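Undergrad: Just passing along the structure, written as structure tokens.
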Amino acid sequence: MIDLVTLQLLFEIGEMKFYIYPVVIKYNNDLILVDTGYPMFLSEIEKAFERNGLEIKNLQLVILTHHDHDHMGAVKELVKKYPYVKVKCSKEQIPYVLGKKKSLRLEQAEKLGADVGFIQMIKSVEHLDSVLAVTDNEIICDGVKVIETAGHMPGHISIFIESMKTLISGDLLVSEDGVLRIAEEQFVLDKEEEINSLKKILNLNIERVICFHGGEYKSNNLNEDLKKIIAKGYNE
Ligand SMILES: [Zn+2]
């Protein structure tokens, strides 16, 4: 029996204030966390678990959709405190999660001359000593499936929960003011791949998307929404 709990974590820096949405997959008594939030966010995760009646001692696995600081930021802190928790990501993402290759986001930010604070934030991410690989279409447990959805980054993954017709989309899609949108252009490293990934998820029977940025989006016509998003692409 699979169930989902969407966590809502507040990120606040200066004037900026918004929420991010990691997701907990409940599989009988075991818990799987998809993405961890920013560096130093472990206490936020712990509080969110508590608010939702989830016990962190039941957390077995963290799945990272990709290595961006807001997704893997707290993972090292988490496994330091809870060493029984395993971590998985796609094969392409492994060298970045282990810090063996320079963060693609850092590379991009430096190239574009991004804000110093943003660069500092990326640099503050602690890397893991070990991580396990998942592959496209791999079943994590009971109809919980890995879907490789590159574009935002190579090896970015989403998680499809068949029984709930739900896609945990990482940064493949964002939900903004009740509207589902394509990932923000400036953070997409390969736009063609991004469109291909959206075409790929058209084949899935989805009625709900949980976006890391923006949270849940529900529709009985999600397929139509996706088709419109694909047709529009980045040609706005
Ligand atoms: Zn990202």
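Every number in this text was worked out from the coordinates using simple rules, so none of it is lab data. Every value quoted in this text rests on a predicted model; they were computed, and no experiment measured them. Don't worry about glycine lacking a Cβ; one is built from the backbone with ideal geometry, like all the others, and counts go over all protein chains shown.
Undergrad: Restricting to the stretch 67-102, count the residues that are part of a helix (DSSP H, G or I), acidic (Asp, Glu) and under 24 Å from Leu172 (Cβ atoms).
TA: First, pick out the residues of the stretch 67-102 that are part of a helix (DSSP H, G or I): 69-72, 75-81, 91-97.
Pick out the ones that are also acidic (Asp, Glu) and you get 70, 77, 92.
Next, only the ones that are under 24 Å from Leu172 (Cβ atoms) stay: 70, 92.
Summing the residues that are part of a helix (DSSP H, G or I), acidic (Asp, Glu) and under 24 Å from Leu172 (Cβ atoms) in the stretch 67-102 gives 2.
Undergrad: Looking at the structure I just gave you, is Ala114 among the hydrophobic types (A, V, I, L, M, F, W, C) and part of a loop (DSSP other than H, G, I, E, B)?
TA: yes
Undergrad: I've got another one for you. Looking at the stretch 178-236 only, could you name the residues that are within 15 Å of the chain's Cα centre (by Cα) and in a loop (DSSP other than H, G, I, E, B)?
TA: Across the stretch 178-236, the qualifying residues are Ala183, Glu184, Val188, Phe212, His213, Gly214.
Undergrad: Whether any residue in the stretch 147-168 is within 25 Å of Arg105 (Cα to Cα), within 16 Å of the ligand (Cβ to nearest atom) and surrounded by fewer than 16 Cβ atoms within 10 Å (Cβ to Cβ) is what I want to check.
TA: Scanning the stretch 147-168, I find no residue that is within 25 Å of Arg105 (Cα to Cα), within 16 Å of the ligand (Cβ to nearest atom) and surrounded by fewer than 16 Cβ atoms within 10 Å (Cβ to Cβ), so the answer is no.
Undergrad: I'd like the residue in the stretch 1-13 that is in a loop (DSSP other than H, G, I, E, B) and touching a helix residue (DSSP H, G or I) at 6+ places or on another chain (Cβ under 8 Å) and, out of all such residues, is nearest to Leu61 (Cα to Cα).
TA: In the first step, residues of the stretch 1-13 are kept if they are in a loop (DSSP other than H, G, I, E, B); the result is 1, 7-8.
So of that shortlist, the ones also touching a helix residue (DSSP H, G or I) at 6+ places or on another chain (Cβ under 8 Å) come out as 7-8.
Numbers: Leu7: 16, Gln8: 19 Å.
This residue is Leu7.
Undergrad: Could you name every one of the strands (runs of 3 or more DSSP E) located completely within the stretch 14-66 that has at least 3 residues being surrounded by 18 or more Cβ atoms within 10 Å (Cβ to Cβ)? Give the derivation first.
TA: Numbers: elements: 16-20, 23-27, 30-34, 59-63.
Strands (runs of 3 or more DSSP E) meeting the threshold: 23-27, 30-34, 59-63.
Undergrad: Do we find a residue being free of Cβ contacts under 8 Å to residues at least 24 places away in the same chain and out of contact with any Ser or Thr (no Cβ under 6 Å at 6 or more places or on another chain) anywhere in the stretch 205-217?
TA: Our first condition is that a residue be free of Cβ contacts under 8 Å to residues at least 24 places away in the same chain; within the stretch 205-217, this holds for none.
No: zero hits.
Undergrad: Name the residue that is nearest to Asp30 (Cα to Cα), counting only residues in the stretch 99-148 that are in contact (Cβ under 8 Å) with a residue 24 or more places away in the chain and among the small types (Gly, Ala, Ser).
TA: Applying the filter and picking the extreme gives Gly143.
Undergrad: Taking the stretch 86-100 as the region of interest, how many residues are more than 16 Å from the ligand (Cβ to nearest atom) and either of a type in the set (Phe, Trp, Tyr) or surrounded by fewer than 18 Cβ atoms within 10 Å (Cβ to Cβ) (or both)? Quick ask: steps written out before the conclusion?
TA: Pass one, the stretch 86-100, residues more than 16 Å from the ligand (Cβ to nearest atom): 86-88, 91, 94-95, 98-100.
Filter once more, so that each one left must be either of a type in the set (Phe, Trp, Tyr) or surrounded by fewer than 18 Cβ atoms within 10 Å (Cβ to Cβ) (or both): 86, 91, 95, 98-100.
Result for the stretch 86-100: 6.
Undergrad: Shifting gears a bit: Hey, Asp136 hits all of (1) surrounded by fewer than 13 Cβ atoms within 10 Å (Cβ to Cβ); (2) over 24 Å from Gly73 (Cβ atoms); (3) not hydroxyl-bearing (Ser, Thr, Tyr) but one; which does it fall short on?
TA: (1)
Undergrad: Taking the stated definitions as given, is Val24 of a type in the set (A, V, I, L, M, F, W, C), closer than 24 Å to Glu148 by Cβ, away from the ligand (no atom under 16 Å from the Cβ) and out of contact with any Pro (no Cβ under 7 Å at 6 or more places or on another chain)?
TA: Yes: the conditions hold for Val24.
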